[in-house]
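Report on the structure given below.
The values are calculated or read from the model by the stated rules, or taken from the named source; none is laboratory data. In this text the structure is predicted, and so the values were computed from the model without any measurement. No Cβ is skipped: glycine too gets one built from the backbone with ideal geometry, and neighbour counts run over all protein chains shown. With ligands, DNA and RNA removed, areas are computed over all heavy atoms of the protein, side chains included. Shrake-Rupley method; radii C 1.70, N 1.55, O 1.52, S 1.80 Å.
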Amino acid sequence: MKNHGKVINKVEELMLKKGLSKNKLCHRAEMERTQLNNFCKNEITRLDTDVLARLCHALECDISDLLQYLPPEA
């Protein structure tokens with residue numbers, strides 16, 4: 001299988017930067033703690049645009065602040 005690089009999320013980094021606890025972010029973004037934990041561990045395989053919009057709103061950021069593309073190593 002060809003390596004196309006990967007997309008990582010920076011939810012935990014932003015959460016810490018904003019001084020929010022996981023509980024507070026879950027409440028603001030209206031999401032389950034398990035779902036947030038999966039984001040923080042970078043274990044999300046399918047991105048839900050509604051969840052991303054809620055995270056952007058709760059963290060007061062743009063989508064480009066949440067996700068980063070890492071190209072494959074040469």
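Please work out the FRET efficiency for the pair residue 1 and residue 38, using the Cβ-Cβ distance as r and a Förster radius of 25 Å; give the result to the nearest 0.05.
Working: r = 23 Å, r/R0 = 0.92.
Step by step, r from the Cβ atoms, then E = 0.60.
How large, in percent, is the carbon and sulfur part of the accessible surface of the chain at a probe radius of 1.4 Å? Please list the in-between numbers first.
On the way: 2620 of 5520 Å².
For the chain, the apolar C and S fraction of the accessible surface comes to 48 percent.
Suppose every Lys and Arg Cβ carries +1 and every Asp and Glu Cβ carries -1, with no other charges. What dipole size does the chain come out with about its Cα centre, to the nearest 20 debye? Present the calculation step by step, with values, prior to reporting the outcome.
On the way: 12 positive and 11 negative charges, 38 e Å.
Roughly 180 debye for the chain.
Given 4 °C and 1.567 mPa s, how large is the Stokes-Einstein diffusion coefficient of the chain in µm²/s, with Rh as the Kirkwood radius over Cα pairs? Intermediate values should be presented prior to the final figure.
Details: Rh = 12.8 Å.
Taking Rh from Cα pairs, D becomes 101 µm²/s.
Taking the chain as the reference, fit the longest principal axis to its C-alpha atoms, fit the long axis of helix 49-59 to the helix C-alpha atoms, and give the angle between the two in degrees, 0 to 90, nearest 10.
Rounded to the nearest ten degrees, it is 60.
Amide H to amide H under 5 Å from residue 67: which residues, 5+ apart in sequence or cross-chain, H placed 1.01 Å off N in plane?
10
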